[in-house]
Amino acid sequence: MVILDQSFPNVITVVISSFSYQPRYTNCSLKIQQDESGHCSNVPRNLNMQKLQNRYLFPEISMREQAHLRKYPNEKIISLGIGDTTEPVPEVITSRMADFTSSLSTDKGYRGYGPEIGSKELRKAISKIIYGDMPIKESEIFISDGAQCDISRIQLLLGGEVTTAVQDPSFPAYVDSSVIIGRAGDIEEGTGKYQNIEYMKCLPENNFFPDLSTTPKTHVIFFCSPNNPTGHAASYQQLEQLVHFARKNGSIIVYDSAYSSYITDDSPKSIFEIPGAREVAIEVSSYSKFAGFTGIRLGWTVVPDTLLYANGFPVIHDYDRIVCTCFNGASRISQEGGLACLSPAGFEGLNSRINYYMENARILVQTFNSIGLTAYGGVNAPYVWVHFPGSSSWDVFAAILEDTHIITVPGCGFGPGGEEYIRFSAFGNRKSITEASTRLKNFFKRRNHCSSPEPCL
Ligand SMILES: Cc1ncc(COP(=O)(O)O)c(C=O)c1O
């Protein structure tokens, strides 16, 4: 049956009314552009994919940005939205990658596949330079093409039967990959929460850390520090509590330290600074924000050999198997760059970029303070988390975009706890940040004096 969708004149809605072999798809509805040819295969859609909410957050924002550009083709859009790095990678790093790349054109220098888990040299360097005194061995480090890919590989490792807790708000990949692997259950109308996921509220009222005395026990706990989007870095005492909680409940913490290089106070940079974490935690980390490798792609995951399943089997052996089966090793060129990042000159160059972004964050925090808005973060992470009490975050996103041509991220995109908040990214060049600051100050000054019947933001 084919129906013309009245609300979208270019769209035909195809209602697949019966699949004799797959009755659960009776109400499946696909939207196909009329000007594209399409053919329905006999392959049923993965039910877990069907459970994902709308689009992934960032493509949705990008779609709205495109629509805004069509409406205002002459306006200069400033993006404080997606957390992508903008400063060039230090030459000392790219030149090492370039030399290595050139050597691939020689008989002597050519290399094919590398070890699936990454070069020994890089694993050794990460163990020594990043983990230092922490009890992390080179053999427990798996080099990857980035933290997001590792999160999905960890989901594959743990499977669909385990129970999961996430910080609310949190980086959307934890929930979405839990949905895809089939452990999230259905979404609850009204709350926007998946039935089988435990949402641990982490907002200013609880100092961005869940009340563990009332948090139900789950098999897996995703925990990110400094957290994206709130920018909050958990303190040593908070992480001690988390490790204690996981040990008591027999849970595994999947700890995301993608922003640890932005920590400026004495908050731990790794879960493995906490005694007892080796028996309960996997750590996922990344070169993306640390080294501007968002496009180059490089990350790593630590699976301690002391972390065991309920039956005593070491998790590391299964993770090794997943990596060897589902991944064939990070690019040798990226790994070469990864080594250069860990050299003294590499570190120095990267630190200056990190300081640059953190100065941007300071400018943004000051902007919001001067407007009288409450802003969090911006001290241990390049994100500023601003509260708009009583307002829907998509409405605030839309109002800011319409008036200031600035792209932000609505807090609700990070979970129901993010409603009423907006995340501002401090990645960007200084000129855009100061221009954004001026536009925001003018906008909120006008809004604060508005006499509209609509609530002022
Ligand atoms: C908390 C967090 N983890 C992981 C990632 C993804 O990192 P990667 O680029 O290494 O895949 C991001 C990206 O924004 C992030 O914010």
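What to note about this one:
- Listed conditions (1) more than 26 Å from Phe209 (Cα to Cα); (2) assigned by the TED database to the domain that holds Thr438 are all met by Leu80, apart from (1).
- Among residues of segment 135-150 being surrounded by 22 or more Cβ atoms within 10 Å (Cβ to Cβ) and assigned to a helix (DSSP H, G or I), the one that is farthest from the ligand (Cβ to nearest atom) is Glu140.
- Screening the candidates Leu307, Leu298 for the property of being within 12 Å of the ligand (Cβ to nearest atom) and modelled with pLDDT of 95 or more yields one hit, Leu298.
- Residue in segment 269-291 that is farthest from Ala310 (Cα to Cα), counting only those that are more than 15 Å from the chain's Cα centre (by Cα) and within 16 Å of the ligand (Cβ to nearest atom): Ala291
- Candidates in segment 47-62 are the residues that are free of Cβ contacts under 8 Å to residues at least 24 places away in the same chain and in a loop (DSSP other than H, G, I, E, B); of these, the one that is farthest from the ligand (Cβ to nearest atom) is Asn54.
- Matching option when the condition is in contact with a Lys or Arg (Cβ under 6 Å, 6 or more places away or on another chain), closer than 26 Å to Asn360 by Cα and either touching a residue at least 40 places away in the same chain (Cβ under 8 Å) or within 16 Å of the ligand (Cβ to nearest atom) (or both), among Glu75, Glu65, Glu87: Glu87
- Of all the listed residues (Gly390, Gly338), the sole one being touching a residue at least 40 places away in the same chain (Cβ under 8 Å) and part of a loop (DSSP other than H, G, I, E, B) is Gly390.
- Note on segment 286-333: residues that are assigned to a loop (DSSP other than H, G, I, E, B) and under 13 Å from Ile143 (Cα atoms) amount to 9.
- Qualifying residue in segment 113-123 (condition: within 22 Å of the chain's Cα centre (by Cα) and either within 16 Å of the ligand (Cβ to nearest atom) or at pLDDT below 95 (or both)): no
- Residue match in segment 348-355 (condition: in contact with a strand residue (DSSP E or B) (Cβ under 6 Å, 6 or more places away or on another chain) and not acidic (Asp, Glu)): no
- Some residue of segment 185-192 being of a type in the set (S, T, N, Q) and assigned to a loop (DSSP other than H, G, I, E, B): yes
- Taking the listed residues Ser270, Ser235, Ser225, Ser261, the one that is closer than 16 Å to Ser170 by Cα and among the small types (Gly, Ala, Ser) is Ser225, with no other qualifying.
- Filter pass, Ala234 being aliphatic (A, V, I, L, M), crowded, with 21+ Cβ neighbours inside 10 Å and in a loop (DSSP other than H, G, I, E, B): yes
- Unique match (being of a type in the set (D, E, K, R), in contact with a helix residue (DSSP H, G or I) (Cβ under 9 Å, 6 or more places away or on another chain) and on the phi < 0 side of the Ramachandran plot) among Glu121, Glu198: Glu121
- For segment 210-233, the set of residues classified as charged (D, E, K, R) and farther than 15 Å from Asn196 by Cβ consists of Asp211 only.
- Tabulated pairs, segment 233-247, first outside the structural domain of Gly377 (by the TED database), second part of a helix (DSSP H, G or I) and at pLDDT 95 or above, C-beta under 7 angstrom, 6+ apart or interchain: Leu239/Ile271; Val243/Ala277; Arg247/Glu279
- Residues satisfying the stated conditions in segment 53-79, i.e. within 27 Å of Lys289 (Cα to Cα) and touching a helix residue (DSSP H, G or I) at 6+ places or on another chain (Cβ under 6 Å): Leu57, Ile78
The values are calculated or read from the model by the stated rules, or taken from the named source; none is laboratory data. Note that the coordinates shown come from a computational prediction; the quantities given were computed from them, not determined experimentally. Cβ: placed from backbone, ideal geometry, glycine included. Neighbour counts: every protein chain shown.
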